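In what follows, a single structure is set out as structure tokens and then discussed.
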Amino acid sequence: MSLPEFITIDSTRYTTAQLADEARLQLLNVQVADAEITRLQQQLAIAQTARNAYSNALIGAVKGTKTKAPAENAAAPARKPRTPRNPKGE
């Protein structure tokens, strides 16, 4: 992870290159923590989506209906009736 050129703390702008080693290390720790928070938020979104699917399946099971995949719920396009073929030899 690369450090930003500047950081702002309490409305004061600091040049990262001029920070003490300890301050740069803590800045790196903040970046790592932010990345982990982002990863966990994505995992939470995945878990919430799964929970919603399980909840919908539970409702369907309790009410005695099966939930269909979105493609199954879509109306099939209307087809033009086919004209019968002539048998061979006619």
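The values are calculated or read from the model by the stated rules, or taken from the named source; none is laboratory data. All values reported here derive from a predicted model rather than from experimental measurement. Cβ: placed from backbone, ideal geometry, glycine included. Neighbour counts: every protein chain shown.
Points worth noting:
- Scanning segment 2-58 for residues that are part of a loop (DSSP other than H, G, I, E, B), on the phi < 0 side of the Ramachandran plot and not polar (S, T, N, Q) gives 3, 4, 5, 19, 20.
- Extreme residue, modelled with the highest pLDDT, among residues of segment 44-78 that are surrounded by fewer than 10 Cβ atoms within 10 Å (Cβ to Cβ) and basic (Lys, Arg): 63
- Selected residue (only one of 39, 24 is touching a helix residue (DSSP H, G or I) at 6+ places or on another chain (Cβ under 9 Å) and surrounded by 10 or more Cβ atoms within 10 Å (Cβ to Cβ)): 24
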